[in-house]
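Inspection log for the structure reproduced underneath, given as structure tokens.
No lab work stands behind these numbers, since they all come straight from the coordinates. Everything quoted here is computed from the prediction, not taken from an experiment. As a convention, Cβ positions derive from the backbone with ideal geometry for all residues, glycine included, and neighbour counts pool all protein chains shown.
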Amino acid sequence: MSTSLLGLASMMEPLRGFVAVGRRMSITVAANDLCLTQSALSRQVQALEARLGIKLLVRRHRSIAFTAEGERLFRSANSAMQQLQEVFATLNTAHRKSPVTLTASIGVTGLWVLPRLSGFQQRYPAIDVRVAASNRLLDIASEGVDLAIRYGSRSAMGRGAVWLFDESVAPVAHPSLGLMQLTTAKDITGQVLLEFDDPGRRWLHWEDWLAALGWSGVKPKGILRFNQYDQVVQSAIAGQGIALGRIELIKPMLDDQRLVRLSTSRPGPVNNHAYWLMQADVAPRPDVVAVSDWIIAEAQRKNQ
């Protein structure tokens with residue numbers, strides 16, 4: 001006849017102590033594992049032996065060993081305890097909500113995403129967001145990414161890409177430089193130009209801009225080059241020179257006059273790139289939908 005659940009309940013705590021001792025083959029070490037005193041754990045094992053009416057352990061001077069009955073009980077109880085631990089761990093993991101992973105380039109993350117995240121957190125405090133800033137195009141299908149903000153032409157975007165906003169580029173500088181426009185080559189010769197060192201995007205290079213303005217060959221006072229676009233912006237805010245501003249990304253800096261947009265006599269190089277939102281799943285979970293809708297709303301609000 002099997003032991004009733006009521007009877008089993010009274011033995012669960014001593015049984016846990018017995019399994020801990022059997023795993024360590026040491027009452028002292030097992031007591032530390034369970035945050036008990038050695039004497040308290042010894043009493044638990046003795047209570048279990050008394051309840052069963054059999055000896056489970058042979059206690060020697062500096063060691064312990066199982067009796068035949070004790071070894072049989074340990075194997076069964078340890079297996080059951082291990083299964084319970086694994087099930088509890090699985091249930092706990094399944095209960096935890098996965099964060100929504102959003103990837104964007106380092107510049108877009110620093111200039112556009114991060115300044116807006118506090119607003120999202122206030123609106124959706126229960127949704128965790130993981131931001132993966134990388135200039136490498138992460139494969140959203142295989143790298144655990146839910147959403148991606150991508151920069152490129154319409155033809156370069158895959159199906160399902162949602163347009164966020166176009167990009168316009170213009171010279172910008174800190175007000176301390178005293179510039180409002182670039183109308184002659186002399187406006188350049190006395191200034192330091194801040195260059196984004198990205199050979200693939202000529203419309204963000206001063207060489208192409210100077211050519212578009214009809215000033216090819218004009219030598220500035222100096223050139224500072226940066227491999228991250230947000231560094232270009234920070235250098236401009238520090239008054240270190242004139243940058244080519246990606247207007248949609250730096251609009252907050254223009255609004256609060258940390259930077260001023262400089263007018264030019266001619267337009268700069270043609271740029272057909274825009275910013276797009278892509279998602280990994282056709283039918284994403286609700287948290288991903290909330291982040292996606294928020295990004296689209298922020299982009300629309302910017303364009304109003």
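Just to confirm my numbers, what's the Cα centroid distance between the range 258-282 and the range 18-89 in Å?
Cα centres, the range 258-282 to the range 18-89: 68 Å.
Which value, in debye to the nearest 20, describes the size of the charge dipole of the range 145-304 about its Cα centre when Lys and Arg Cβ atoms bear +1, Asp and Glu Cβ atoms bear -1, and nothing else is charged?
The calculation lands at about 460 debye.
For the range 5-95, what is the charge dipole size about the Cα centre, in debye to the nearest 20, if Lys and Arg each add +1 at the Cβ and Asp and Glu each add -1 at the Cβ? List each step's numbers first, then the result.
Details: 11 positive and 6 negative charges, 72 e Å.
Computed charge dipole of the range 5-95: roughly 340 debye.
Mind putting a number on the dipole of the chain about its Cα centre? Charges go on the C-beta only, +1 for Lys and Arg and -1 for Asp and Glu, and I need it in Debye to the nearest 20.
Numbers: 34 positive and 26 negative charges, 180 e Å.
Approximately 860 debye in magnitude.
Taking DSSP loops as anything outside H, G, I, E and B, show the longest stretch in the chain free of trypsin sites (Lys or Arg not before Pro) there with at most 12 other beta carbons within 10 Å. Numbers along the way, then the final one.
Numbers: sites that count: R60, R62, R96, K97, R136, R159, K221.
The answer is 222-304.
With unit charges on the beta carbon (Lys/Arg positive, Asp/Glu negative), name the residue among L210, P267, V172 whose Cα is farthest towards the positive pole of the charge dipole of the chain.
Checked the options; the winner is V172.
How many nm is it between the label spots at A212 and E143, if each spot is 7 Å from the Cα in line with the beta carbon?
Those two pseudo-labels are separated by 3.0 nm.
Suppose each label sits 7 Å from its Cα in the direction of the beta carbon; what would the N78-K219 distance come out to in nanometres?
Using points 7 Å along Cα→Cβ, the separation is 8.1 nm.
Sorting V108, V192, V232, V282 on the 10 Å Cβ count, fewest up front, what's the list? It would help to have the intermediate numbers written out before the result.
Values: V108 22, V192 17, V232 28, V282 6.
If I rank by nearby Cβ atoms, fewest first, I get V282, V192, V108, V232.
Stretch S63-R285 to full length: gain in nm at 0.36 nm per residue minus the Cα-Cα span? If you can, show how the numbers build up before the last one.
Values: separation 222, 0.36 × 222 = 79.92 nm, distance 5.51 nm.
Answer, rounded to one decimal: 74.4 nm.
Could you check the simple spin-label distance between T189 and A297, using points 7 Å along Cα→Cβ, in nm with one decimal?
Output for this residue pair reads 5.4 nm.
To the nearest 500 deg cm²/dmol, what mean residue ellipticity at 222 nm is calculated for the chain from DSSP H runs of n ≥ 4 alone, each contributing -39,500 (n - 2.57), summed and divided by the residues? Display every interim value, and only then the final one.
On the way: 11 runs with 125 residues, N = 304.
When only DSSP H runs of four or more count, the value is -12500 deg cm²/dmol.
According to the square roots a ≥ b ≥ c of the eigenvalues of the Cα gyration tensor, what is the shape class of the range 5-95, taking rounded for a/c under 1.5, prolate for a/b larger than b/c otherwise, and oblate for the remainder?
On the way: a/c = 1.82, a/b = 1.48, b/c = 1.23.
Prolate, since a/c reaches 1.5 and a/b exceeds b/c.
State which helices in the chain qualify, where a helix is a whole DSSP H run, it must extend 20 Å or more along its own axis by its Cα atoms, and its mean Kyte-Doolittle hydropathy must be at least 0.0. Walk me through the intermediate numbers first.
Values: long enough: 38-52 (21 Å, -0.24); 68-95 (41 Å, -0.41); 286-303 (26 Å, -0.12).
Once both thresholds are applied, nothing remains.
Could you tell me the largest-minus-smallest coordinate of the C-alpha atoms of the range 169-264 on each of the three principal axes, in descending order and whole angstroms?
Computed over the Cα atoms, the extents are 34, 30, 20 Å.
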